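Enquirer: Let me begin by handing over the structure; questions about it come next.
The values are calculated or read from the model by the stated rules, or taken from the named source; none is laboratory data. Note that the structure is predicted; figures quoted are calculated from it, not measured. Quick reminder, even Gly has a Cβ in these numbers, built from the backbone with ideal geometry, and neighbours come from all protein chains shown.
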Amino acid sequence: MKTLLLAAAFAATAGTALAQPYPNRPIRLIVGYSPSGAADLIARVVAEAMGKELGQSIVVDNKPGAGSTLASSLLWRAPADGYTLGLATATLYGIDQHLYKVKYQSTDFTPITRLTVSPLVLAVNKDLGIASVQDLVAKVRAQPGKMNYSSSGIGGSPHIAALSFEKAVGGQMVHIPFKGGAPALQAVAAGDVQLSFGTAASVLPLGRPGTVKMLGVTTEQPSAVVPGLPTLASQGLPGFEFSFWFGLFGPAQLPAEVTQRLYAAATRALADPQVQRKLLDTGNEALASSSPAEFDRWAAGSGREALERIKEANVKVE
């Protein structure tokens, strides 16, 4: 009888634990970039806001390395229980596999929602004598292979934006990758390279005081991230558009109810004016997807376009 009572008590306790609503413990958010960078700042703002919505803390775990594929690999192998999430971008949809030969595919993740979009900012060395995008285009065309541009790393959004620019202007430049956006822009300021496409977080600290010259934003419309700075499209490159984004993902086969709970929490968090202001201060605009399925379709299209640019330029990781 005593054994039966103990077994019944254990079963009741286990049943109660299983029945607890999600989430009932802290959530880990893996970020494949270093602290204080654009991705890290976004992750911390969103984690705090979503944590309040969910009633549980979300802990940011920075795991930089191998073009952010180290973090994505950790997410890929994590249990699909909603307690490990990841911040990722378009590289998940082809570039990671093409450049870094990872074993995971985009189908090995559960897309939850887009979190932010932002422009990249085209900046040039202030002593280059270039006052406009038209001036830069003329110089690139007149000196094929002579202009150097920096980026935060091979296959990242700044690199892809520069490849898109080369294609749009019919010119050729030399890519000099750095380990991060800040050193890439410092190289522009020092004159080690002539130009760079960078995130607002990387460019504005040098662009606002005039240490580098900002020429335009890569989005089709002017951006609240950099008020008053014209688009490249309005400066002789009609149709030019490149948006930099981050999204929230879980491992594959995340339960539908967990996915929806996370989506709803993220949507509410991103609708908060204070959260929007904090993200804008980091150089990003809050923009949730209309649904997890819509985000998956949109992100897959963005990833395909980015991969095409990488393949066209025959980019390889040295």
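Enquirer: Taking into account only those residues within the stretch 132-152 that are touching a residue at least 40 places away in the same chain (Cβ under 8 Å) and assigned to a loop (DSSP other than H, G, I, E, B), which is nearest to the chain's Cα centre (by Cα)?
Expert: At the first step, the residues of the stretch 132-152 found to be touching a residue at least 40 places away in the same chain (Cβ under 8 Å) are 132-134, 136-137, 147-152.
Now drop any that are not assigned to a loop (DSSP other than H, G, I, E, B), which leaves 132, 147, 152.
Details: Ser132: 27, Met147: 27, Ser152: 12 Å.
Once the filter is applied, the top-ranked residue is Ser152.
Enquirer: Would you tally the residues in the stretch 242-258 being surrounded by 18 or more Cβ atoms within 10 Å (Cβ to Cβ) and either assigned to a loop (DSSP other than H, G, I, E, B) or polar (S, T, N, Q) (or both)? Steps first, please.
Expert: Residues of the stretch 242-258 that are surrounded by 18 or more Cβ atoms within 10 Å (Cβ to Cβ), as a first pass: 242-251, 254, 258.
Imposing the further condition that a residue be either assigned to a loop (DSSP other than H, G, I, E, B) or polar (S, T, N, Q) (or both) reduces the set to 242-243, 254.
Residues in the stretch 242-258 being surrounded by 18 or more Cβ atoms within 10 Å (Cβ to Cβ) and either assigned to a loop (DSSP other than H, G, I, E, B) or polar (S, T, N, Q) (or both): 3 in total.
Enquirer: For the stretch 84-91, state whether one or more residues are over 19 Å from Ser151 (Cα atoms), in a loop (DSSP other than H, G, I, E, B) and among the hydroxyl-bearing types (Ser, Thr, Tyr).
Expert: No, the conditions are met nowhere in the stretch 84-91.
Enquirer: Given the structure, is Arg309 surrounded by 19 or more Cβ atoms within 10 Å (Cβ to Cβ), assigned to a helix (DSSP H, G or I) and among the charged types (D, E, K, R)?
Expert: Working: surrounded by 19 or more Cβ atoms within 10 Å (Cβ to Cβ): yes; assigned to a helix (DSSP H, G or I): yes; among the charged types (D, E, K, R): yes.
Yes; evaluated as a whole, the condition is true for this residue.
Enquirer: Separate question: Would you check if there is a residue in the stretch 32-41 being more than 15 Å from the chain's Cα centre (by Cα), in contact (Cβ under 8 Å) with a residue 40 or more places away in the chain, under 25 Å from Ser243 (Cβ atoms) and surrounded by 24 or more Cβ atoms within 10 Å (Cβ to Cβ)? Break it down into steps so the answer makes sense when it comes.
Expert: Taking the stretch 32-41 first, the residues more than 15 Å from the chain's Cα centre (by Cα) are none.
There is no residue in the stretch 32-41 that is more than 15 Å from the chain's Cα centre (by Cα), in contact (Cβ under 8 Å) with a residue 40 or more places away in the chain, under 25 Å from Ser243 (Cβ atoms) and surrounded by 24 or more Cβ atoms within 10 Å (Cβ to Cβ).
Enquirer: For a quick check of your reading of the model, give me the residue pairs whose first member lies in the stretch 209-225 and is in contact (Cβ under 8 Å) with a residue 24 or more places away in the chain and crowded, with 17+ Cβ neighbours inside 10 Å, whose second is β-branched (Val, Ile, Thr) and in a loop (DSSP other than H, G, I, E, B), with beta-carbon atoms closer than 6 Å and at least 6 apart or on different chains.
Expert: Val217/Val226
Enquirer: Which of (1) surrounded by fewer than 24 Cβ atoms within 10 Å (Cβ to Cβ); (2) out of contact with any Leu (no Cβ under 9 Å at 6 or more places or on another chain); (3) at pLDDT below 95 does Ile154 not meet, given it meets every other one?
Expert: Exception for Ile154: condition (2).
Enquirer: Quickly run through the stretch 207-235 and pick out the residues that are in a loop (DSSP other than H, G, I, E, B), at pLDDT 95 or above and touching a helix residue (DSSP H, G or I) at 6+ places or on another chain (Cβ under 7 Å).
Expert: Thr211, Thr218, Leu232
Each row is one residue, and each column tells you yes or no for (1) buried (at least 18 other Cβ atoms within 10 Å of the Cβ); (2) within 26 Å of Ala189 (Cβ to Cβ); (3) β-branched (Val, Ile, Thr).
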site: Leu115; (1), (2), (3): yes, no, no
site: Lys126; (1), (2), (3): no, yes, no
site: Leu136; (1), (2), (3): yes, yes, no
site: Lys139; (1), (2), (3): yes, yes, no
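Enquirer: Sticking with this one: Can you confirm whether the stretch 182-202 contains a residue that is farther than 24 Å from Ser36 by Cα, in a strand (DSSP E or B) and touching a Pro at 6+ places or on another chain (Cβ under 9 Å)?
Expert: no
Enquirer: Here is a list: Lys101, Lys52. Which entry is basic (Lys, Arg) and modelled with pLDDT of 95 or more?
Expert: Lys52
Enquirer: Next question. Of everything in the stretch 22-54, what is over 22 Å from Ala200 (Cα atoms) and either of a type in the set (Ser, Thr, Tyr) or part of a loop (DSSP other than H, G, I, E, B) (or both)? Give them in sequence order.
Expert: Matches in the stretch 22-54: Tyr22, Pro23, Asn24, Arg25, Pro26.
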